[in-house]
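One structure is given below, encoded as structure tokens.
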Amino acid sequence: MDNSVLGCSRGTPSRGKLPGDSTDISTLGRREKAFDIPDSCPFTIQEIPSNDNTSSNAWLIREHDQYGEFPHIYAKICSSKTREPGTQELRVILLSDTGCGTEVSNTKFSSDTAASCGVEIEDGFIIVRREHEVWNIRTFLEYTINPGGKIPYLVIATHCHYDHILGIRKLLPTAGDAPSPQEAKKTAPTTILASAKGQQFVTPYETLQRHSLCSEIGIQAPRYEVTQWAHDFYPVVYKYPKSSDLGPPYDHILTTPYAIIHTLGHTPDSLSWYDADLRLLCVGDLFYLKQSEHTESAPWGPEAPKPTMFNLDSDFAQWWGALGKVLGFVREKNKDKEFGDEIPKKAGIEGMGNEEFNAPASVKSRVKLTASHTTLGIDAETAVLEMQEFAAAVLRDDVPNVQVADGPRGEQRCLWDFSLGTDDASEEEIVSRLANAEWRFSILAPIKIVEDGRRRINKAEWGAARRQ
């Protein structure tokens, strides 16, 4: 979609803090392993900070894609000891989505550098990180956190839209390059998890082709089989297939710290996941900030503001209910123990910083929120409350809006954004307004979807402005 419809002024990339933000982006990667990513690579990676300053084994990967989506891909290495003494530690990489399937040439690749690059010692083992002729999500993972591709992948599909599933085809063998049976045993398998609630939304393949929006951009959806249909509050586990030489010769279940939460509305198959170790909740495309320190300071240049998106498959009333469900979940988790910091008393950017990732190990931090675009490590409860307030203002028709180009199926669409109509505002006024919570979100949706929400959502929930 053309993000130029947003009425926000663009400036130079932020090198430190956003206006009014308590998050200093220069500190976000201080525990990040340096992978020496070449300039030709369309991916970036940073380690997600843990709550106790130890390695989290979790990473945010951002993709510079041809569609201007800039999706977030999350990777976490989970491990478990086998029940046989002296056997290897079993591991799996949880991948939250796989991005847009970007593949570009590695401009610095040569057979000489491929054979010798990236040799290092890690945990007493010699690790060789080889560059490939092309960069895609598979080769990038093998260059960074999965040298040799020895660790299997469990892909969690937050929903089926193309900007989150196209990378799957890079992780699965195709008919043209399928490995031999002997090679397959030495290749880390990839399994797919999706929402059981949305099974009919993504199967059979013709349905996936339509609902993934691949037809709208003239491409074919990847063909894959979902091997885990996750129910609500489903604990994520990984079962090693016996066909692989990389796992034990017997059935073994690896338990992960993830749990799945059904959060319908953006699509019928939308899900969120919660990492109990990091106290981190990923809401997929349920909602996200329109801008963040990551979008402002991307190495490829500042990205256009990104509204929370809806289409004709969306259900605004379900989406509103999902916000309430997430809020209840977060509040329960925040009751687990006392916190080192008080609950943010102030709505807005000051209450949504990243500093609580650094809480002492003896103190549980508040739940943080991340999303499949733009957003990482903001206070979850504050974020949901502020999105609820913004959405309520949209339902009340209190947010400036403008009709934009019709959708691919001819549907009339509007953009709701408090920054509309600020062309004459001074830079100081814009900076001041950006510090307000109501300016941190925008919504792009078919008009009929929002009107349907007005009819179906109890007006008592959105009809009056929330008092601070």
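The values are calculated or read from the model by the stated rules, or taken from the named source; none is laboratory data. What you are looking at is a predicted structure, and each value in this text was computed from that prediction instead of being measured. For neighbour counting, all protein chains shown are included, and Cβ atoms are generated from backbone atoms with ideal geometry for every residue, glycine included.
Residue by residue, here is whether (1) hydrophobic (A, V, I, L, M, F, W, C); (2) modelled with pLDDT of 80 or more; (3) assigned to a loop (DSSP other than H, G, I, E, B) holds:
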{"position": "145", "(1), (2), (3)": "yes, yes, yes"}
{"position": "151", "(1), (2), (3)": "yes, yes, yes"}
{"position": "158", "(1), (2), (3)": "no, yes, yes"}
{"position": "170", "(1), (2), (3)": "no, yes, no"}
{"position": "184", "(1), (2), (3)": "yes, no, no"}
Just for region 254-310: of the residues that are among the acidic types (Asp, Glu) and touching a strand residue (DSSP E or B) at 6+ places or on another chain (Cβ under 8 Å), which one is surrounded by the fewest Cβ atoms within 10 Å (Cβ to Cβ)? 277
I need the full set of residues from region 226-261 which are at pLDDT 95 or above and assigned to a loop (DSSP other than H, G, I, E, B), in order please. 226, 231, 232, 233
Considering residues of region 396-419 that are more than 23 Å from residue 211 (Cβ to Cβ) and part of a loop (DSSP other than H, G, I, E, B) only, the residue modelled with the lowest pLDDT: 419
Residue by residue through region 16-51, note down the ones that are on the phi < 0 side of the Ramachandran plot, acidic (Asp, Glu) and modelled with pLDDT of 80 or more. 39, 47
What residue, among those in region 123-143 that are closer than 17 Å to residue 43 by Cα and among the aliphatic types (A, V, I, L, M), is modelled with the lowest pLDDT? 134
Looking only at region 113-122, decide whether some residue is closer than 22 Å to residue 77 by Cβ and at pLDDT 70 or above. no
Given the residues 293, 206, which is the only one that is modelled with pLDDT under 95 and of a type in the set (Asp, Glu)? 293
Could you grab me the full set of residues in region 293-335 that are without any contact (Cβ under 8 Å) to a residue 24 or more places away in the chain and either on the phi > 0 side of the Ramachandran plot or touching a helix residue (DSSP H, G or I) at 6+ places or on another chain (Cβ under 7 Å) (or both)? none
Scan region 420-468 residue by residue and report those that are within 17 Å of residue 323 (Cβ to Cβ), at pLDDT below 95 and under 25 Å from the mean Cα position of the chain (by Cα). 437, 438, 440
Please list, ordered by first then second residue, the pairs with beta carbon atoms under 9 Å, 6 or more apart or interchain, first in region 281-292 and outside any loop (DSSP other than H, G, I, E, B), second aromatic (Phe, Trp, Tyr) and modelled with pLDDT of 95 or more. 281/273; 281/274; 281/329; 282/74; 282/273; 282/274
Any residue in region 360-371 that is hydrophobic (A, V, I, L, M, F, W, C) and either at pLDDT below 95 or in a helix (DSSP H, G or I) (or both)? yes
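From the set of residues in region 339-359 that are part of a helix (DSSP H, G or I) and of a type outside the set (D, E, K, R), which is modelled with the lowest pLDDT?
Across region 339-359, the extreme among qualifying residues is 349.
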Please determine, by comparing only the residues of region 313-338 that are part of a loop (DSSP other than H, G, I, E, B) and surrounded by 15 or more Cβ atoms within 10 Å (Cβ to Cβ), which one is nearest to the chain's Cα centre (by Cα). 314
What are the residues in region 361-399 that are touching a residue at least 12 places away in the same chain (Cβ under 8 Å) and among the polar types (S, T, N, Q), if any? 365, 370, 372, 374, 375, 382, 388
Residues that are of a type in the set (Lys, Arg) and modelled with pLDDT under 95: does region 296-311 have at least one? no
Among the residues of region 262-280, write down those that are part of a loop (DSSP other than H, G, I, E, B) and within 18 Å of residue 61 (Cα to Cα). 278
